[in-house]
Amino acid sequence: MCGIVAYVGGRPAAPLLVEGLRRLEYRGYDSAGLGVIQGGKIATRKCAGRIDALAARLAEYPVSGTVGISHTRWATHGPPTDANSHPHFDASGRIAVVHNGVIENCAELKRLLEGRGHAFASETDTEALARLIGEFYTEAGEKGEAAFLIALRAALRRVVGAYGLAVLCADCPDTVFGARRGSPLVVGLGRGEHFLASDVNAVVAHTRDVIYLGDGDLVALRADGFEAARLDEREAKIEVHRIEHDAGAAEKGEFAHFMLKEIFEQPQTLRNALRGRFNTEDATSVLGGLNMTAHELRRVDRIQMAACGTSWHAGLLGGMWIEEFARIPCEVDYASEFRYRNPPLGSGTLFVAITQSGETADTLAALREAKRKGARALGICNVVGSSIAREADGGIYLHAGPEVGVASTKAFTSQVVVLALLALHLGRLHHLSALEGARLLRELEAMPGKIERVLARSEEIRRIAARYKDAASFLFLGRRFNHPVALEGALKLKEISYIHAEGYPAAEMKHGPIALVDEKTPSVFLCPRDGMYEKILSNLEEVRARRGPVIAVATEGDDDLAKKADAVIEIPEAPDPLVPLLGNVALQLLAYHTAVALGRDVDRPRNLAKSVTVE
Ligand code: G6P
């Protein structure tokens, strides 16, 4: 959700903080602010709007100092206004806090503080925390780092909810304090300087050596060193990790938008997801990170997946493959529903959380719930060291590199490919023959090349988008393996173009959505020449009979279909289970070009956030 960047070292802090915030702007972009230690006090600049607005304010009213904290916000408590922007201060104005997450007992804390005479300057939960820290610090009657850490601990013990925090105290002018529970924080280790951020992308331009803080960790960072402790007084587990990607991986380069760059990266990210994971001799996949023996995997009699948004669509497709290849019953839930559903989870159940960020609050809660009930829990994650990657019993990384565009594209493609590898792995331990396994491996290997052929049609797809961009509503229709792609295509279009879109199983459309069909409502049909081809053609005719414009995603060279559709996007031939990957790339481009034609802010669509760390 929101982004945090903090710095302590020898360089001017403000430009470094603003640069770091720009790299995190995809996490929240409705207001921004910073606080810097200047002349024994905390100087602050903050405002509603994008980072550019903060940069403009800093140009007019500069701050100087080499120790600072900063924040880019996605509003939860109170609308995006200057007053609600972070940092927030205690009553003395000598303690400043930037915060990601939500403090659930904020109303109670506010009542308590108001009882002690506090008047709040903002509607945020964060201000309550800043004032609470200040209360404990004043009560202690002593000044300095030791007293401040005691006050910080005391305040955090009173807090119910999630937080990632960066904190300044003017009495400790050489220190940035950090604390984490439920919201990610990473320490960047530089030479004579340290960073604290909610995301490695904010620090990777300066250092690739990082420490992922665990829940309950507290840190005090100075230019020349740091101390880590835990809220529960246990010893903090500090491990230094090396980030694999460089800063360039999270830059747009020659592309107009991150989303377009990420769509075009897919042949490569797919190769990265597959690399080293083929065992051609046994016609299976190599998934060492599962941390399960073949014996344990054979005893899995049910799979329960949970995910949100685009990742949920990946799960739907993966679930179909698992049932198809491994004949293991598989249920796929929205994580937000799963966590309150109380489903029976036996010891034979394997739980799989699917998540790009590894930080989605509902998915994390679902994983914890599954573990609590005794299921073995795997995480399919992109972000290394993320909460879900750390808490899962095992898992598979996507290796897709940083995904910055808020609408997920390359992560989806890697998720489904990794799920195909999992389905193959389970299949070969259950029912799938060596010949079928080998065929699947060959077909997976061919996918990056086939995706390149879809990408080559970007300009054609742009022209189709231009024709239909003014429609008020779209239908996306597919059957069997293409049904999840219809859902994902509709989601992509609404996320970034703000056009209403519904994804549906094509035949089910007759039971309601067909009422929407008229000459102004385009229907996008996923109708490659697969096992459902004849069936979906009847559904297509039903729409045509009602004068609905048809955009068909069809197999290359399908001239019959070309005669029936108003526009055709051709994709290469592929086996039924894998063809959805190709149709999906076509629909990513359709959504992208539609949004661009409408002048939308493609990488930062309104109201959305890349990583949803609140419930
Ligand atoms: C947000 C993002 C979506 C993403 C979903 C789940 O809503 O905007 O693009 O699919 O969260 O995120 P995750 O990181 O768990 O895959």
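Give the long-range amide H neighbours of His77: residues separated by 5 or more places, or on another chain, with amide H under 5 Å away, using H modelled in the peptide plane at 1.01 Å from N.
Here the answer is Asp125, since their amide H atoms fall under 5 Å of that of His77.
Taking the Cα of Glu108, stepping 7 Å toward and past its beta carbon, and measuring to each backbone N in the range 118-155: which are under 14 Å?
Counting only backbone N, you get no residues.
Kindly write out, for the range 150-165 in residue order, the coupling ³J(HN,Hα) from the Karplus curve 6.51 cos²θ - 1.76 cosθ + 1.60 (θ = phi - 60°), rounded to whole Hz, with x marking Gly and Pro.
Each residue's phi maps through the Karplus curve to give 5, 5, 4, 4, 4, 5, 5, 5, 8, 8, 10, x, 10, 8, x, 10 Hz.
Write down Rg/Rh for the range 259-371, rounded to two decimals, with Rg from the C-alpha atoms and Rh from the Kirkwood relation over Cα pairs.
Radius of gyration relative to Kirkwood radius: 0.99.
Reported to two decimal places, what Rg/Rh ratio describes the range 457-615 when computed on Cα atoms with Rh from the Kirkwood expression?
0.96
What's the long-distance tail for the range 256-455, i.e. % of Cα pairs beyond 25 Å?
I get 31 percent for the Cα pairs in the range 256-455 exceeding 25 Å.
When the Kirkwood hydrodynamic radius is evaluated over all pairs of different C-alpha atoms of the range 424-513, what value in angstrom, to one decimal, is obtained?
Here the Kirkwood hydrodynamic radius works out to 15.9 Å.
Per residue of the range 513-522, in order, report the coupling 6.51 cos²θ - 1.76 cosθ + 1.60 (Karplus, θ = phi - 60°) as ³J(HN,Hα) in whole Hz, putting x for Gly and Pro.
These are the phi-based 3J(HN,Hα) values: x, 4, 4, 7, 5, 8, 5, 9, 10, x Hz.
Compute the relative contact order of the chain as a whole-number percentage, counting only Cα pairs closer than 8 Å that sit 6 or more residues apart in sequence.
RCO, the chain: 12 percent.
Relative contact order of the range 3-243, please, whole-number percent, based on alpha carbon pairs below 8 angstrom and at least 6 residues apart.
Over the range 3-243, the number comes to 20 percent.
On C-alpha positions alone, give me the angle between the axis of helix 579-597 and the longest principal axis of the chain, in degrees, nearest 10.
Taking the Cα atoms of the chain, the angle to 579-597 is about 60 degrees.
Please state, as a whole number in µm²/s, the translational diffusion coefficient that the Stokes-Einstein equation yields for the chain at 20 °C and 1.002 mPa s, with Rh defined as the Kirkwood radius across alpha carbon pairs.
Rounded, D is 84 µm²/s.
Residues with beta-carbon under 14 Å from that of Val300, excluding Val300: net charge, scoring Lys, Arg +1 and Asp, Glu -1?
In short, +1.
Go through the range 115-224 and name the GluC sites (Glu not before Pro) that are in a DSSP coil and have 12 or fewer other Cβ atoms within 10 Å of their Cβ.
The qualifying sites are Glu142.
Report ³J(HN,Hα) in whole Hz for each residue of the range 232-246, in order, from the Karplus equation J = 6.51 cos²θ - 1.76 cosθ + 1.60 where θ = phi - 60°; Gly and Pro get x.
Whole-Hz 3J(HN,Hα) from phi for the range 232-246: 8, 6, 6, 7, 6, 9, 10, 10, 8, 10, 9, 6, 7, 8, 9.
Taking a cut-off of 26 Å between Cα atoms, list the lysines near Lys510, but don't count ones fewer than 8 places away on the same chain.
Lys469, Lys492, Lys494, Lys520, Lys535, Lys563, Lys564
Under the 0.36 nm per residue contour assumption, what length would be gained going from the current alpha-carbon distance of Arg302 and Glu123 to full extension?
Fully extending the segment from Arg302 to Glu123 adds 59.8 nm.
Exactly which trypsin sites (Lys or Arg not before Pro) in the range 177-250 are in a DSSP loop and have at most 12 other Cβ atoms within 10 Å?
Listed in order of number, the matching sites are Arg191, Arg234, Lys237.
Per the Kirkwood definition applied to all pairs of different Cα atoms, how many angstroms is the hydrodynamic radius of the range 474-567?
12.9
Over 32 Å apart: what share of the alpha carbon pairs of the range 3-243 falls there, rounded to a whole percent?
10
Provide the percentage of antiparallel DSSP beta bridges, counting only those with both residues in the chain; round to the nearest 5.
60
Expressed as a whole percent, how much of the Cα-Cα distance distribution for the range 154-203 exceeds 13 Å?
64
Using the charge dipole of the chain (Lys, Arg: +1 at Cβ; Asp, Glu: -1 at Cβ; taken about the Cα centre), state which of Ile496, Ala247, Leu34 has its Cα farthest towards the positive end.
Leu34
If I model a spin label as a point 7 Å beyond the Cα along the Cα-Cβ vector, how far apart are those points for Asp393 and Glu508 in nm?
So the two model labels end up 3.1 nm from each other.
Taking a cut-off of 30 Å between Cα atoms, list the lysines near Lys237, but don't count ones fewer than 8 places away on the same chain.
Lys143, Lys371, Lys373, Lys610
Once you keep just the Cα pairs under 8 angstrom separated by 6 or more residues, what percentage relative contact order results for the range 457-615?
Taking the mean separation of contacting Cα pairs over the length of the range 457-615, I get 29 percent.
Helix 533-544 sits at what angle to the longest principal axis of the chain, using alpha carbons and giving 0 to 90 degrees rounded to 10?
Around 80 degrees separate the two axes.
Using modelled backbone amide H atoms (1.01 Å from N, in-plane), which distant-in-sequence or interchain residues come within less than 5 Å of Ser285's amide H?
So Ser285 has HN proximity to Asn279, His425.
Enter the angle in degrees (range 0 to 90, nearest 10) between the Cα long axis of helix 361-372 and the first principal axis of the Cα atoms of the chain, meaning the one along which they spread out most.
Around 80 degrees separate the two axes.
How many nm is it between the label spots at Leu608 and Ala146, if each spot is 7 Å from the Cα in line with the beta carbon?
Spacing of the two 7 Å Cα→Cβ label points: 5.2 nm.
Please list, in chain and number order, the residues 5+ apart from Val383 or on another chain whose amide H is under 5 Å from its amide H, with Hs placed from the backbone.
The answer is Gly358.
Read the figures in this text as sums done on the coordinates, not as results from a lab. Not measured: the values here are computed from a predicted model. As a convention, Cβ positions derive from the backbone with ideal geometry for all residues, glycine included, and neighbour counts pool all protein chains shown.
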